[in-house]
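The values are calculated or read from the model by the stated rules, or taken from the named source; none is laboratory data. This is a predicted model, so every value here is computed, not measured. Cβ coordinates were reconstructed from backbone atoms using ideal geometry, including for glycine residues, and neighbour counts include every protein chain displayed.
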């Protein structure tokens, strides 16, 4: 069986200081059947210069104004020709061997529609220091009601799933990734597999965790998504489980830091 083609999409805006790490992590993947798409939101710094320095690894590059991160992600999906689609943002980076592990997972089960793994948050200016270790778990129905969700940068999905069930809903400004995964897993029950092991390192300070206001607004949107998909949106149950989960993740980051130099 041939290796599945993977389309990796990077959405970036004004990430001059970090985009080189993202690009290098894609270039370092030991996987050849790769399509790499970069969507720049018309950055005002030297992000585009940094991207063009690695043009040899980029299959498609667009630099134009968009209405936000999820609009840019939808542009990437529309351009993708791979059988499998994944996202890595302009301040995140893959661990070595991640794409090969993803491809192997899909090859072992031709009926599989999505997979995901684990993620570590690292310090903005010190990406070797893990702050929070997001160890996920297998999906079970109604898990989203309890504040559970896969780490989106590790979420790889077959292209035809987007064709059947839609892409990012732009009505959600800050939680469209959670709504999309909820829609795929809870509503449409696509066949998904948890692949233990850290796949992605994510810098702290991204859109959703940049401020308390953003965290609050994201959780409001997630509760709205729960209701829209016929799930229970119990604020106290949702927030209680979510805060407990996040606390454990920060404890793992402090006391059980996984190696940042290789994929598990």
Check your understanding: Quick one: is residue 51 under 24 Å from residue 204 (Cβ atoms), surrounded by 16 or more Cβ atoms within 10 Å (Cβ to Cβ), modelled with pLDDT of 95 or more and touching a helix residue (DSSP H, G or I) at 6+ places or on another chain (Cβ under 8 Å)?
Key -> yes
Practice item. Pull up segment 103-115, narrow it to residues that are touching a helix residue (DSSP H, G or I) at 6+ places or on another chain (Cβ under 9 Å) and not in a loop (DSSP other than H, G, I, E, B), then point me to the one that is surrounded by the most Cβ atoms within 10 Å (Cβ to Cβ). Key: 115
Check your understanding: Taking residue 252, is it in contact with a helix residue (DSSP H, G or I) (Cβ under 8 Å, 6 or more places away or on another chain), at pLDDT below 85, surrounded by fewer than 19 Cβ atoms within 10 Å (Cβ to Cβ) and not in a strand (DSSP E or B)?
Key -> no
Point to revise | Of all residues making up segment 204-238, the number that are at pLDDT 75 or above and either in a loop (DSSP other than H, G, I, E, B) or touching a strand residue (DSSP E or B) at 6+ places or on another chain (Cβ under 7 Å) (or both) | key: 7
Review point. Among the residues of segment 29-36, is there at least one that is in contact (Cβ under 8 Å) with a residue 60 or more places away in the chain, under 30 Å from residue 171 (Cβ atoms) and crowded, with 18+ Cβ neighbours inside 10 Å?
Key: no
Revision key, fill the gap. Checking 130, 198, 157 in turn, the sole residue that is modelled with pLDDT of 95 or more, crowded, with 18+ Cβ neighbours inside 10 Å and more than 25 Å from residue 68 (Cβ to Cβ) turns out to be 198
Check your understanding: Looking at 156, 144, which one is touching a helix residue (DSSP H, G or I) at 6+ places or on another chain (Cβ under 8 Å) and under 20 Å from residue 9 (Cα atoms)?
Key -> 156
Practice item. Determine whether segment 173-186 contains at least one residue that is within 14 Å of the chain's Cα centre (by Cα), more than 30 Å from residue 20 (Cα to Cα) and surrounded by 19 or more Cβ atoms within 10 Å (Cβ to Cβ). Key: yes
Exercise for review: Please enumerate the residues belonging to segment 170-196 that are over 22 Å from residue 98 (Cβ atoms) and assigned to a loop (DSSP other than H, G, I, E, B).
Suggested key: 170, 171, 172, 173, 174, 175, 188, 189
Point to revise | Candidate set: segment 119-141, residues that are in contact (Cβ under 8 Å) with a residue 40 or more places away in the chain and in a loop (DSSP other than H, G, I, E, B); chosen: the one farthest from the chain's Cα centre (by Cα) | key: 141
Check your understanding: Here are some residues: 90, 82. Which one is part of a loop (DSSP other than H, G, I, E, B), touching a helix residue (DSSP H, G or I) at 6+ places or on another chain (Cβ under 7 Å) and more than 17 Å from residue 157 (Cβ to Cβ)?
Key -> 90
